[in-house]
Structure formats: C-alpha cells, structure tokens
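Below you'll find the structure, written out as structure tokens, and then a few comments.
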Amino acid sequence: MKALDARRENEGAGRIERIRERANWMRRRSLQMIYEAGQGHPGGDLSATDVLATLYFGVMRYDASAPAAPDRDRFVMSKGHCTGALYTALAGAGFFPESELSTYLRPNSRLNGHPNRTYLPGVETNTGPLGHGLPVAVGIAIAEQIDRSGHRTFVLTGDGELQEGSMWEAAMLAGHRQLGNLTAIVDRNRLQQGARTEDTNALEPLADKWRAFGWEVVEIDGHDYVQLLSALDRPASPRVAPRCVIANTIKGYGVSYMHDQAGWHHGAPNAAQYAQALAELAGIEEAGVEDQA
C-alpha cells in the first residue's frame, strides 16, 4: 500500500511539473504574440494561463488528431478576447503547429482576435461578445446528459462577464437540470475593461449567488496547480449539481507593471516593457524550479 501511495504521489508531482512547464511557456509565447502583433489582451491572458494549462495538460480528455471525437471533454472559452492564452494552449496540445502562433492577428491568419471554430480545430464555439459562452456550454452539457456519453464540459468566464444577464439565465437552467457534467470556472481577477468589477456593478457575494442557482461552489487560488487540479479533475458522475470554481487570480500575473492594472486589459508592451516582462517571467520559472528542489 505504501508503494502504491508513493507511486500516486510521484505521478501527481509529475503532472504538476508538466502543467507548470506548459504554463510558463504559454505566458512567454502569448506575450511574444501580443508584442509582435502590437495588440491583444495581455492582462486577461496572464490571469487565465494557469487555469488553461491545468485543463489542457492535466485534466481534460481529448485527442488533438481527432478533435471531433464524440467522447472528448469539451472546453468553451467564454471570455473569448483572451486568445493569446487559448491559442498557446491549443498549439501546445497539438491541435495545430506551434509555428502558426507567429501569424497571430495577421491578415488571413486563422488566429483571429476571437476564436472561430470554422478556422481552428479544438475551438468548440465562436466567442467574443461576452455572455455567450456559458449558455452554449449549458447546451452542450444538456446534450451530454441526454446522450449519457460521459464527457465533461468546462467553460471559462471572466468575472466582468457575469454582469451579463444571459450568464445568470444559463446558470439557473444548469442548476435546474442538475448538470453534474458541467464545470464553470470564473477568472476572478476583479478587473474589467477600465475599472474594478465591484465599482462597476458589484458581484459579491459571488459564491452565494451561484449557490442560490443550485451550483456547488469551490473557491481557490487560480495560480495554484494543486488547488486547480483538486477543483477541476472530478468525474462527471455521480455529481448531481453543476460546479462553479471561483479561481482568484491576478490580472497581468507574472509581470509587475501589469499586476492588477485595468489599463492592461488590452494593449501591447513596448520593447523595453517586453524585455522586462520576459525577465520577470523567467524569475517565475526559476522560483518554480527551486520549489521542486
């Protein structure tokens, strides 16, 4: 029994290290894409990176060579403007060549400012206008419930996006249908374009709101891989309630001048800022290596 426990512990440590390595690469690569394109949404990309890395490299079941396989887990990027994080996850997972990331936002590129399912494998639905992703994910989860196919559906929303009424209509239906196969992750960085969420249209008490709609709620540190894995890697059954994971994150995570700054909701760093960001992100990687020592 002790040997089995040790093996499980080693497997868990290996999975976390893989997620960490992928997340570190995603942060650097998405920032490079934005710098070279001269536009993007770096603040939200950086707050969401650890969530996406955990899903794609530690949790979800998929086959990048068969992106429409019926038994795949589904992921919907409801905060569709954060394509730097999404595209690096998809490329890193093998849905398209990593070399294609260099075409980000260029004319005729498949890598639009918002994801398009007719262009890219691995994109379940087009998103961009906020308030659409969760309703679509609820529909996907209902279809799975009817078919009893056993796949899980994950959706990542922004917290400012929760000011859209369509999100709460979808949440109410998910609770009513007892969609235990559905997990919604809220990127709770507390900032939206131009201001703080609580100054714009207060969301708190956020966890109580989700519970009132019939959801199971977990609040975590959205940059902690152990907590992310514990909250996200759950079987679809025998759960009888959808799960909301409120992932407390930092907008612009890893880059000091972007940390918790609404002004970096969109935009691109200049050459000096880009060099500083790469140096600071390298520091995160070195700290991770020291933690493993």
Pairs, first farther than 15 Å from H265 by Cβ and among the acidic types (D, E) in segment 149-165, second outside any helix (DSSP H, G or I) and open to solvent by less than 10 Å² (accessible area, probe 1.4 Å), C-beta under 9 Å, six or more apart
E164/G131
(1) more than 18 Å from E216 (Cα to Cα); (2) at pLDDT 95 or above; (3) surrounded by fewer than 19 Cβ atoms within 10 Å (Cβ to Cβ): which one isn't true of H176, the others all being true?
(1)
Which condition breaks for D260 when tested against (1) open to solvent by 70 Å² or more (accessible area, probe 1.4 Å); (2) outside any helix (DSSP H, G or I); (3) charged (D, E, K, R); (4) out of contact with any Asp or Glu (no Cβ under 7 Å at 6 or more places or on another chain)?
(1)
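I'd like the full set of residues that are touching a strand residue (DSSP E or B) at 6+ places or on another chain (Cβ under 8 Å) and assigned to a loop (DSSP other than H, G, I, E, B), limited to segment 71-81. Can you show your working first?
Of segment 71-81, the ones touching a strand residue (DSSP E or B) at 6+ places or on another chain (Cβ under 8 Å) are 73-79.
Once the filter is applied, which keeps residues that are touching a strand residue (DSSP E or B) at 6+ places or on another chain (Cβ under 8 Å) and assigned to a loop (DSSP other than H, G, I, E, B), segment 71-81 yields D73, S78, K79.
Report yes if I250 is of a type in the set (V, I, T), within 19 Å of the chain's Cα centre (by Cα), outside any helix (DSSP H, G or I) and over 22 Å from L179 (Cβ atoms), otherwise no. Steps first, please.
Working: of a type in the set (V, I, T): yes; within 19 Å of the chain's Cα centre (by Cα): yes; outside any helix (DSSP H, G or I): yes; over 22 Å from L179 (Cβ atoms): yes.
Taking the combined requirement at face value, the residue satisfies it.
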Name the residue that is farthest from A171 (Cα to Cα), counting only residues in segment 41-77 that are open to solvent by less than 10 Å² (accessible area, probe 1.4 Å), of a type in the set (G, A, S) and more than 9 Å from the chain's Cα centre (by Cα).
G43
Could you tell me how many of the residues in segment 21-45 are closer than 14 Å to Y274 by Cα and in a helix (DSSP H, G or I)?
13
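For segment 95-128, give me each residue that is assigned to a helix (DSSP H, G or I) and open to solvent by less than 50 Å² (accessible area, probe 1.4 Å).
We begin by selecting, within segment 95-128, every residue assigned to a helix (DSSP H, G or I); these are 98-103.
Answer for segment 95-128, where residues must be assigned to a helix (DSSP H, G or I) and open to solvent by less than 50 Å² (accessible area, probe 1.4 Å): E100, L101, S102, T103.
Within segment 218-235, restricting attention to residues that are in a helix (DSSP H, G or I) and of a type outside the set (G, A, S), which residue is surrounded by the fewest Cβ atoms within 10 Å (Cβ to Cβ)? Spell out how you get there, then give the answer.
Of segment 218-235, the ones in a helix (DSSP H, G or I) are 225-232.
Among the residues that remain, those that are also of a type outside the set (G, A, S) are: 225-229, 232.
On the way: Y225: 22, V226: 14, Q227: 19, L228: 25, L229: 18, L232: 22.
Checking each candidate, the answer is V226.
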Positions within segment 198-217 being open to solvent by 30 Å² or more (accessible area, probe 1.4 Å) and not small (G, A, S), in sequence order
E198, D199, T200, N201, E204, P205, D208, K209, R211, F213, E216
Quick check: is even one residue across segment 179-197 touching a Phe, Trp or Tyr at 6+ places or on another chain (Cβ under 8 Å), touching a residue at least 40 places away in the same chain (Cβ under 8 Å) and surrounded by fewer than 24 Cβ atoms within 10 Å (Cβ to Cβ)?
no
Pick from segment 152-183 the residues that are assigned to a helix (DSSP H, G or I) and of a type in the set (G, A, S): which of them is nearest to the chain's Cα centre (by Cα)?
G160
Only one of these conditions is not met by P238: (1) out of contact with any helix residue (DSSP H, G or I) (no Cβ under 7 Å at 6 or more places or on another chain); (2) assigned to a helix (DSSP H, G or I); (3) at pLDDT below 95. Which number is it?
(2)
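I want to confirm something. Restricting to segment 129-143 and keeping residues that are touching a helix residue (DSSP H, G or I) at 6+ places or on another chain (Cβ under 9 Å) and surrounded by fewer than 18 Cβ atoms within 10 Å (Cβ to Cβ), which single residue is nearest to P42 (Cα to Cα)? Steps first, answer last, please.
To start, the set of residues in segment 129-143 that are touching a helix residue (DSSP H, G or I) at 6+ places or on another chain (Cβ under 9 Å) comprises 130-139, 141-142.
After this cut, where a residue has to be surrounded by fewer than 18 Cβ atoms within 10 Å (Cβ to Cβ) as well, the list is 139, 142.
Details: G139: 30, I142: 33 Å.
Looking at residues that are touching a helix residue (DSSP H, G or I) at 6+ places or on another chain (Cβ under 9 Å) and surrounded by fewer than 18 Cβ atoms within 10 Å (Cβ to Cβ), I get G139.
Checking the conditions here, which among L130, L101, L31, L120 is closer than 24 Å to A171 by Cα and either within 16 Å of the chain's Cα centre (by Cα) or at pLDDT 95 or above (or both)? I'd like the intermediate steps shown before the answer.
On the way: L101 fails: closer than 24 Å to A171 by Cα; L31 fails: closer than 24 Å to A171 by Cα; L120 fails: closer than 24 Å to A171 by Cα.
Only one candidate passes the filter, namely L130.
The values are calculated or read from the model by the stated rules, or taken from the named source; none is laboratory data. A quick note: this is a predicted structure, and the numbers were derived from the prediction, not measured. Neighbour counts run over all protein chains shown; Cβ positions are idealised from the backbone, glycine included. Side chains included, ligands, DNA and RNA excluded: accessible areas come from the protein's heavy atoms. Shrake-Rupley method; radii C 1.70, N 1.55, O 1.52, S 1.80 Å.
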